[in-house]
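Scroll down for the structure; my scribbles are underneath it.
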């Protein structure tokens with residue numbers, strides 16, 4: 001079976017390995033902790049925190065980093 005053509009031996013570019021977290025979730029400000037719902041089609045990193053102006057990130061990204069430690 002060739003990589004990327006079916007189940008099993010693909011390139012492992014699934015949900016989180018590919019950098020996509022899906023349509024739901026939240027954008028989080030790591031500076032002040034403010035959280036807003038993620039809007040589909042808009043990257044959290046393109047949004048400035050309405051409270052402090054810092055760039056926001058996906059909440060899942062922060063959770064994944066904490067789990068790896």
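Laboratory data are not the source of any read-out in this text; all were calculated from the coordinates shown. Treat the numbers as computed from the prediction; the structure is a model and nothing was measured. Note that each Cβ is placed from the backbone with ideal geometry, even for glycine, and that neighbours are counted across all protein chains shown.
Translational diffusion of region 26-68 was estimated from the Stokes-Einstein equation, with Rh taken as the Kirkwood radius over Cα pairs; at 4 °C and 1.567 mPa s the coefficient is 126 µm²/s. The label-point distance for residue 36 and residue 21, in a model that sets each label 7 Å from Cα toward Cβ, rounds to 1.5 nm.
State the extension gain, in nm to one decimal, for the chain segment bounded by residue 51 and residue 66, taking 0.36 nm per residue of separation less the distance between their alpha-carbons.
Result: 3.0 nm gained on full extension.
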